[in-house]
């Protein structure tokens, strides 16, 4: 009877490990989806941050 209990425990542990791996894969995929949705791609109509004027030196301040 002891061998049957050990085999059942091993099978249960294998199923649990497989379920945990699948859960981790699913959670990673969801996180990647959320990250992709949070970071919108820049549209060609909007200037890049490098092309925008710096807030520390407003336009027209250094003109004499």
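Restricting 18, 9, 29 to residues that are modelled with pLDDT of 65 or more, more than 29 Å from the chain's Cα centre (by Cα) and part of a helix (DSSP H, G or I) narrows the list to 9. Cβ separations smaller than 6 Å between residues 6+ apart or across chains give no pair from segment 1-27 residues that are in contact (Cβ under 8 Å) with a residue 40 or more places away in the chain to residues that are assigned to a helix (DSSP H, G or I) and surrounded by 10 or more Cβ atoms within 10 Å (Cβ to Cβ).
The values are calculated or read from the model by the stated rules, or taken from the named source; none is laboratory data. These numbers come from a predicted model, not from an experiment. Positions of Cβ are generated from backbone atoms using ideal geometry, with glycine treated the same way; all protein chains shown enter the neighbour counts.
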